[in-house]
Amino acid sequence: MLLSFGPVLRSTAYRRATLRGLAVSLLLGCLIVAPTALAASPRIATLDWTLAETLQALGTPPTAVAQVDAYHDWVGEPHLPDTVADLGLRTQPNLELLADLDPDQILISPMFANLRPRLSRIAPVKNFTLYTPGRDTWQEMRELTRSVADQVDRSQAGERLIASTETRIAELRDRLPEQVPPLLVIQFMDARHVRVFGDNGLYQAVLERLGLDNAWPGETNAWGFSLVGIEALANLDARLVVVEPYPAGVRETLDRSGLWQGLIQESRGEPLVLPPVWSFGALPSAQRFAEQLTAALEAPHAR
């Protein structure tokens with residue numbers, strides 16, 4: 001059989017025809033496959049750190065974010081890659097740089113709605129809302145995740161992010177000590193004033209999913225906190241949880257503050273100090289808070 005095909009295989013005309021056919025097949029295959037395989041994610045710019053952390057967690061890092069260094073100070077993780085351009089102040093972004101970057105879309109939250117007319121001259125603007133009074137915060141975070149994922153054509157990644165976050169928090173709940181006193185979650189604004197977190201906020205949503213009690217009895221604003229003097233924390237039967245960062249010089253001042261030292265004495269154990277977690281964040285920040293709080297409660301000094 002091989003001998004009978006020999007003359008055909010040695011034919012120059014046949015080889016050329018075969019090669020031409022193969023080239024056409026490969027070209028057609030590239031034309032069909034390439035658009036799907038090589039489709040790039042849209043180039044997204046955002047002024048909002050909650051949207052930035054969500055984009056990063058979805059595997060579609062933003063092209064540009066406002067105040068990148070401050071993002072890492074306040075949000076912590078997920079870390080933004082070095083390729084992300086810094087647009088300057090969130091409230092006064094560098095519009096010239098933004099125009100030069102030529103994003104496909106600009107994502108904002110209601111906090112930056114006043115900038116929409118100017119931003120719209122550069123690229124289409126999409127507004128995302130979170131922390132609506134009267135709504136379930138966790139459900140809103142799920143909805144935000146799906147909306148952002150749809151915006152960047154990553155709906156399956158959005159579902160994976162939701163599922164992995166909820167699975168991880170359920171695992172952390174099972175790791176918690178059996179007896180955890182009510183917690184009072186605060187963040188210092190200066191040496192005498194704190195944000196204390198309660199209803200309608202990210203920290204409260206996570207505490208509920210972990211099965212932990214919040215000791216704060218007072219009202220909170222739309223973002224889930226009240227701004228109070230530290231004297232308002234007196235006589236609360238709770239364990240203090242301090243979320244960093246501290247403003248400059250505050251930690252040293254607190255070491256000399258009789259009022260603060262008295263609150264520590266009243267607290268049910270030494271205050272738990274957590275690394276920065278964005279209190280206005282979405283699912284990435286929710287998981288980070290759950291991780292940091294669980295680790296602190298598991299530590300030998302916490303008991």
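The values are calculated or read from the model by the stated rules, or taken from the named source; none is laboratory data. These figures come from a predicted structure and were not determined experimentally. Here the Cβ is made from the backbone with ideal geometry for all residues, glycine too, and neighbour counts use every protein chain on show. Protein only, heavy atoms only, side chains kept; ligands, DNA and RNA dropped before computing areas. Shrake-Rupley method; radii C 1.70, N 1.55, O 1.52, S 1.80 Å.
GluC sites (Glu not before Pro), restricted to segment 180-240: which are DSSP loop and have at most 15 other Cβ atoms within 10 Å?
Listed in order of number, the matching sites are 219.
With every protein chain left in place, what is the accessible area of residue 100 in Å² (1.4 Å probe, nearest 10)?
Accessible surface of residue 100 is approximately 120 Å².
Within segment 177-259, what whole-number % of the accessible surface is contributed by carbon and sulfur, with the 1.4 Å probe and all protein chains included in the calculation?
Whole-percent figure for carbon plus sulfur exposure: 46.
Test of understanding: express the Cα radius of gyration of segment 178-302 as a ratio to 2.2 N^0.38 Å, with N the residue count.
Compared with the compact-globule rule of thumb, segment 178-302 sits at 0.98.
List the residue ranges in the chain for DSSP H helices whose C-alpha atoms run 30 angstrom or more along the long axis and whose Kyte-Doolittle average is -1.0 or above.
The qualifying helices are 12-37, 155-175.
What ranking, highest mean first, results for peptides 272-281, 162-171 when packing means the other Cβ atoms within 10 Å averaged over each residue?
Ranking the peptides 272-281, 162-171 by packing returns 272-281, 162-171.
For residue 273, what residues show an amide H to amide H distance below 5 Å, using hydrogens built from the backbone and excluding near sequence neighbours?
242
Under a 1.4 angstrom probe, counting protein chains only, how are 72, 79, 193 ranked by accessible area, largest first?
Putting 72, 79, 193 in descending order of accessible area: 79, 193, 72.
Provide the per-residue ³J(HN,Hα) series for segment 246-257, in order, calculated from phi with Karplus coefficients 6.51, -1.76, 1.60 and θ = phi - 60°, each as a whole number of Hz, with x at glycine and proline positions.
Couplings: 7, x, 3, x, 5, 4, 5, 5, 5, 4, 9, 8 Hz.
Say R0 is 45 Å: what FRET efficiency, to the nearest 0.05, do residue 221 and residue 104 get from their beta-carbon distance?
0.85
Measuring with a 1.4 Å probe in the full set of protein chains, what accessible area per residue, in whole Å², belongs to segment 110-242?
With the other protein chains kept in place, segment 110-242 gives 49 Å² per residue.
Note down the net charge around residue 54, summing +1 for each Lys or Arg and -1 for each Asp or Glu among other residues with Cβ under 15 Å from its Cβ.
My count for the surroundings of residue 54 gives -2.
Between residue 96 and residue 73, 0.36 nm times their residue separation minus their Cα-Cα distance comes to what?
5.7 nm
Dividing the alpha-carbon Rg of the chain by 2.2 N^0.38 Å yields what?
For the chain, the normalised Cα radius of gyration comes out at 1.38.
Report the local net charge at residue 74: Lys and Arg +1, Asp and Glu -1, summed over other residues whose C-beta lies under 15 Å from its C-beta.
-4
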